[in-house]
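Just so it is clear, none of the values below were taken in a lab; they were calculated from the coordinates. From a predicted model like this one, the values you see are computed outputs, not experimental measurements. Virtual Cβ from ideal backbone geometry, glycine too; neighbours counted across all protein chains shown.
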Amino acid sequence: MNGSTQTKPSIVFCHGIWADGSCFNKVIPALQAEGYEVMAAQYGLDTPEGDVAAVKRTLGRVSSPAILVGHSYGGSVITAAGTDDRVAGLVYIAALAPDSDETSQSQQEKFPLSDVFHYVEVADGRVWMRPEGVVCFAGDLSEQEQKVVWATHYAPAADLFSRNAPGVAWKSKPSWYIVANNDRTVHPDLERFVAQRMGATTHAVDSSHVVMLSHPGLVIDIIRAAAKAVQLSPDRSAQVVLSRGFG
């Protein structure tokens, strides 16, 4: 961690609702094998501010600079957390990306209601996905994988989407975006709109919402391209280490 020999940017993954950091388990090993320092932030989906704070704590455990990779609601998280000086770039996977006058909820309300929200239930202050909704979330996975996705889904607080943590990183940081053409959770038209609005390098794929599980090779390729684009020269890396100090 935080070593002076680090030249590749670190990668920090940020999950969405109905998931945790393990949803990136098909892409993390390949990046680690290529020498990237990788962590998946784990947060409680209780408040946007709490989730962003958890990402910033995770940034403190890897070398700088870092690329934030956000899936779904994780896009709202990296939009706010990405204003941190340690972040050099942003990768959005079928993700939300609200502006300062939007919330995760209000951004989605500008587009048709996606199918998955017909299969949710609010109980005990959390939003749960009913079993029959998983096909709208991860319909291009095998039946067994879909069952695992549902069995491990983590329900967010019912009011999580009603406000956002401050900061709009895509206005100042280079961004990449993967549009899931067959998404039934975040509307594909929303994805295309936010990708264009942020001026992201955009790739589209015929995928369900969980692109990192159904098309992990593509996700790895985009992260690799983003990392190459922001990769530090040795001189610049040394400047970062010196500016942060040792110990």
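The table for this structure:
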{"item": "Region 120-164: number of residues that are in contact (Cβ under 8 Å) with a residue 12 or more places away in the chain, surrounded by fewer than 16 Cβ atoms within 10 Å (Cβ to Cβ) and over 23 Å from Ala97 (Cα atoms)", "result": "7"}
{"item": "Selection within region 54-87 - in contact with a Lys or Arg (Cβ under 7 Å, 6 or more places away or on another chain) and farther than 18 Å from Ser22 by Cα", "result": "Ser64, Pro65, Ala66, Ala81, Gly82, Asp84, Val87"}
{"item": "Verdict on Asp221 being closer than 22 Å to Val69 by Cα, over 16 Å from the mean Cα position of the chain (by Cα), in a helix (DSSP H, G or I) and of a type outside the set (Ser, Thr, Tyr)", "result": "no"}
{"item": "Region 176-196, subset farther than 12 Å from Asp115 by Cβ and in contact with a helix residue (DSSP H, G or I) (Cβ under 8 Å, 6 or more places away or on another chain), residue surrounded by the most Cβ atoms within 10 Å (Cβ to Cβ)", "result": "Ile178"}
